[in-house]
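What follows is a single structure, written as structure tokens, with notes after it.
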Amino acid sequence: MQISLENLGRRFNREWIFKGVNYQFVNNQAYAILGINGSGKSTLLQVISGALTPSIGNLTYSNNGKIIAPENYYNSISLATPYLELIEEFTLNEVLDFHFKFKIRIEHLKNSDIISLLGMKQQQHKFIKYFSSGMKQRVKLALAFCAQTPVLLLDEPTSNLDVQGVAWYHTMINQFTANRITLICSNQSNEYSFCNAQLNLADYK
């Protein structure tokens, strides 16, 4: 899998969020997308995911040299961000059942396996609306990590996580990022210290 950005830019009204981004993301590598708050990290991630279209330039997904149509990008990506919401009227088990109707489970993990990874056996029948913000964030991350996709997109992944949660995040990174393109949007070094390369949006203003 390869993701290519060619002269990519996005603007809102007359203001450029970023422009002139030329970059390639390749398989089995982890990349940090860096920038201060409001620099456009989340916007770039949404463009890469196909949720937003670029104002200029080209975004291309390819697999073994074969171009993937934009309407099929969703099959290749798993995404976890603070602005994605869980269905709060579902229990944890129901969230997993629902999510994996649309994604293939990595390593054929069952609900019980993922719940064990989360350390939430006691909460498996609890409604998501009663979860703490940190618990919800761990569930969002687990859904992304445990889907069999070649691209993993994470925005501020340790948001709302305590020290134990951050350690859990790094365990999941070590376990579930092999043979994937991993992109981390962050301005906290503990979230991206393992990344092979960095793309700083301050260079594309």
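Output the number of residues of segment 30-64 satisfying the condition of being buried (at least 16 other Cβ atoms within 10 Å of the Cβ) and without any contact (Cβ under 8 Å) to a residue 40 or more places away in the chain.
So the count comes out to 4.
Results for (1) under 24 Å from Ser78 (Cβ atoms); (2) touching a Leu at 6+ places or on another chain (Cβ under 7 Å); (3) among the hydrophobic types (A, V, I, L, M, F, W, C); (4) in a strand (DSSP E or B), shown as yes or no for each residue.
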site: Gly9; (1), (2), (3), (4): no, no, no, yes
site: Phe18; (1), (2), (3), (4): yes, yes, yes, yes
site: Tyr23; (1), (2), (3), (4): yes, yes, no, yes
site: Ala30; (1), (2), (3), (4): yes, no, yes, yes
site: Ile33; (1), (2), (3), (4): yes, yes, yes, yes
site: Ser39; (1), (2), (3), (4): yes, yes, no, no
site: Leu45; (1), (2), (3), (4): yes, yes, yes, no
site: Ala51; (1), (2), (3), (4): yes, no, yes, no
site: Pro54; (1), (2), (3), (4): yes, yes, no, no
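Scan segment 65-78 and tell me whether some residue there is among the small types (Gly, Ala, Ser), crowded, with 17+ Cβ neighbours inside 10 Å and in contact (Cβ under 8 Å) with a residue 12 or more places away in the chain.
Yes, that holds for at least one residue.
Among (1) more than 18 Å from Ala144 (Cα to Cα); (2) within 18 Å of the chain's Cα centre (by Cα); (3) among the polar types (S, T, N, Q); (4) not in a helix (DSSP H, G or I), there is one condition Ser62 misses while meeting the rest; what is its number?
Here Ser62 clears every test but (2).
Pick from Ile114, Ile104, Ile77: which is within 21 Å of Leu161 (Cβ to Cβ) and modelled with pLDDT of 95 or more?
Answer to the selection: Ile114.
Can you find a residue in segment 110-125 that is surrounded by fewer than 17 Cβ atoms within 10 Å (Cβ to Cβ), in a helix (DSSP H, G or I) and acidic (Asp, Glu)?
Yes - at least one qualifying residue is present in segment 110-125.
Restrict the check to segment 154-164 and report whether at least one residue is among the small types (Gly, Ala, Ser), closer than 23 Å to Thr43 by Cβ and in contact with a Pro (Cβ under 9 Å, 6 or more places away or on another chain).
yes
Hey, among Leu84, Leu92, which residue is over 18 Å from Asp203 (Cα atoms) and surrounded by 16 or more Cβ atoms within 10 Å (Cβ to Cβ)?
After ruling out the rest, the residue left standing is Leu92.
Return the pair list, or none, for Cβ contacts closer than 8 Å from residues in segment 85-104 that are in a loop (DSSP other than H, G, I, E, B) to residues that are among the hydrophobic types (A, V, I, L, M, F, W, C) and surrounded by fewer than 16 Cβ atoms within 10 Å (Cβ to Cβ), at least 6 apart or on different chains.
Matching pairs, first to second residue: Ile87/Phe98; Glu88/Phe127; Glu89/Phe127; Phe90/Phe98; Phe90/Phe127.
The values are calculated or read from the model by the stated rules, or taken from the named source; none is laboratory data. Computed from a predicted model, the values in this text were never measured in an experiment. As a convention, Cβ positions derive from the backbone with ideal geometry for all residues, glycine included, and neighbour counts pool all protein chains shown.
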